[in-house]
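Beneath this line is the structure, given in structure tokens, with notes to follow.
Read the figures in this text as sums done on the coordinates, not as results from a lab. All figures in this text were calculated on a predicted structure; none of them were measured in a lab. All Cβ positions, even for glycine, are placed from backbone atoms using ideal geometry, and neighbour counts span all protein chains on display.
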Amino acid sequence: MTDYSQIPDLASSVYVAPLRKPAGLADDWLEPAQRRYTVAEHRIWDELYARQIELMPGHACREFMLGLERLDLGRGGVPDFDAISEELRSLTGWSVVPVPMLIPDHVFYYHLANRRFPAGNFIRTREQFDYIQEPDVFHDVYGHVPLLTDPVYASYMEAYGRAGWKALKYNRLKALSALYWYTVEFGLILEDDALRIYGAGILSGPTETVYSLEAESPNRIHLSVDRVMRTDYTISDLQATYFVIESFRELFHLTEQRGFEPIYESLAPGFQYAKTAALDTDHIYHRGTQEYELRGGRGSGARPV
Ligand code: CO
């Protein structure tokens with residue numbers, strides 16, 4: 001495989017000046033919506049954390065483990081956004097912005113392009129312990145934020161935010177969303193020849209943490225940016241296919257080098273490949289039996305976490 005060690009160390013690259021605020025973007029969207037949590041809500045965080053941290057060894061990638069440690073997310077209760085942001089800023093120039101709900105795509109991209117990660121400020125109830133409809137503070141902070149301590153991953157996320165503006169221009173948001181889905185949310189990474197998880201959608205819940213690495217049903221295929229942006233995905237259930245990278249350098253390199261304009265120009269509006277597809281051109285680590293899909297998954301409703 002390609003040797004990506006020759007790429008200059010991104011950790012030393014300076015943080016670029018923020019993009020100008022686009023016309024028509026209301027300041028309301030950019031104001032951090034900090035809120036206080038009840039004792040019961042802090043306890044829900046603690047229980048989710050305790051359940052998930054148990055599963056991390058042998059499943060989560062090493063950069064994620066390092067990030068959890070650096071940010072001390074297990075210190076007790078829902079973490080303080082200011083404290084996390086202060087630590088993150090010193091490491092990679094990122095910060096975390098609490099938001100009350102899912103935000104519009106262009107606001108999301110604007111934040112990412114400026115190294116701000118929007119995180120839901122609400123936490124699931126006990127009744128939603130295993131199935132949630134919208135990403136809450138546990139998914140966003142536990143799942144996404146640890147990797148923002150990694151300089152290369154941090155640069156990828158900024159580049160993704162910038163790419164978002166181009167996708168809006170070309171009307172290809174669906175394709176760019178597929179890339180986010182199969183990397184940031186559900187990505188796997190090779191670590192000393194073993195597969196590990198870096199996707200936040202997997203790492204914030206126990207079911208898929210085990211399923212993504214150990215089940216026979218899903219495909220595990222090496223990431224190709226063009227291929228992924230043409231592939232349909234599952235929103236409310238376990239994935240039929242996971243895409244694998246060999247390092248965050250590779251991920252950054254593949255997306256930066258490829259550029260998005262040529263892809264957007266060549267894409268059809270819909271998805272070309274089914275989520276269960278394994279192509280002749282794929283580098284396949286595991287060809288899934290797709291038995292889970294054939295059984296119809298878990299039916300409709302929120303996704304298992
Ligand atoms: Co997410």
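How many of the residues in the range 42-69 are touching a Leu at 6+ places or on another chain (Cβ under 7 Å) and of a type in the set (D, E, K, R)?
Residues that pass the stated criteria total 1.
When the residues of the range 162-180 are filtered to those that are closer than 29 Å to Asp80 by Cα and more than 14 Å from the ligand (Cβ to nearest atom), which remaining residue is surrounded by the most Cβ atoms within 10 Å (Cβ to Cβ)?
Gly164
Take Ser236 and decide whether it is among the polar types (S, T, N, Q), over 23 Å from Met56 (Cβ atoms) and touching a strand residue (DSSP E or B) at 6+ places or on another chain (Cβ under 9 Å). Step through it out loud before you land on a result.
Details: among the polar types (S, T, N, Q): yes; over 23 Å from Met56 (Cβ atoms): yes; touching a strand residue (DSSP E or B) at 6+ places or on another chain (Cβ under 9 Å): yes.
So Ser236 passes the test.
Give the residues of the range 189-236 that are more than 16 Å from the ligand (Cβ to nearest atom), aliphatic (A, V, I, L, M), in a strand (DSSP E or B) and more than 16 Å from Thr276 (Cβ to Cβ), sorted by residue number.
Answer for the range 189-236, where residues must be more than 16 Å from the ligand (Cβ to nearest atom), aliphatic (A, V, I, L, M), in a strand (DSSP E or B) and more than 16 Å from Thr276 (Cβ to Cβ): Ile189, Leu190, Ala194, Leu195.
Do the conditions hold for Pro98, that is, is it more than 22 Å from Tyr156 (Cβ to Cβ) and part of a strand (DSSP E or B)? So that I can check it myself, show each step before the final result.
Values: more than 22 Å from Tyr156 (Cβ to Cβ): yes; part of a strand (DSSP E or B): yes.
Here the answer is yes, as Pro98 does meet what is asked.
Can you give me the number of residues within the range 127-160 that are assigned to a helix (DSSP H, G or I), under 17 Å from Glu86 (Cα atoms) and away from the ligand (no atom under 15 Å from the Cβ)?
Summing the residues that are assigned to a helix (DSSP H, G or I), under 17 Å from Glu86 (Cα atoms) and away from the ligand (no atom under 15 Å from the Cβ) in the range 127-160 gives 3.
Does Asp226 fit the bill of being surrounded by fewer than 19 Cβ atoms within 10 Å (Cβ to Cβ) and free of Cβ contacts under 8 Å to residues at least 24 places away in the same chain?
Numbers: surrounded by fewer than 19 Cβ atoms within 10 Å (Cβ to Cβ): yes; free of Cβ contacts under 8 Å to residues at least 24 places away in the same chain: no.
No.
Report yes if Thr241 is away from the ligand (no atom under 16 Å from the Cβ) and crowded, with 24+ Cβ neighbours inside 10 Å, otherwise no. Give the steps one after another, and end with the answer.
Details: away from the ligand (no atom under 16 Å from the Cβ): yes; crowded, with 24+ Cβ neighbours inside 10 Å: yes.
When the stated conditions are applied, Thr241 passes them.
Of everything in the range 237-269, what is farther than 24 Å from Ile132 by Cα and either among the basic types (Lys, Arg) or in a loop (DSSP other than H, G, I, E, B) (or both)? Give them in sequence order.
Glu246, Ser247, Arg249, Arg258, Gly259, Phe260, Leu267, Ala268, Pro269
Could you tell me whether Arg124 is assigned to a helix (DSSP H, G or I) and either among the basic types (Lys, Arg) or without any contact (Cβ under 8 Å) to a residue 24 or more places away in the chain (or both)? Don't jump to the end; show me each part of the working.
On the way: assigned to a helix (DSSP H, G or I): no; either among the basic types (Lys, Arg) or without any contact (Cβ under 8 Å) to a residue 24 or more places away in the chain (or both): yes.
It is false that Arg124 is assigned to a helix (DSSP H, G or I) and either among the basic types (Lys, Arg) or without any contact (Cβ under 8 Å) to a residue 24 or more places away in the chain (or both).
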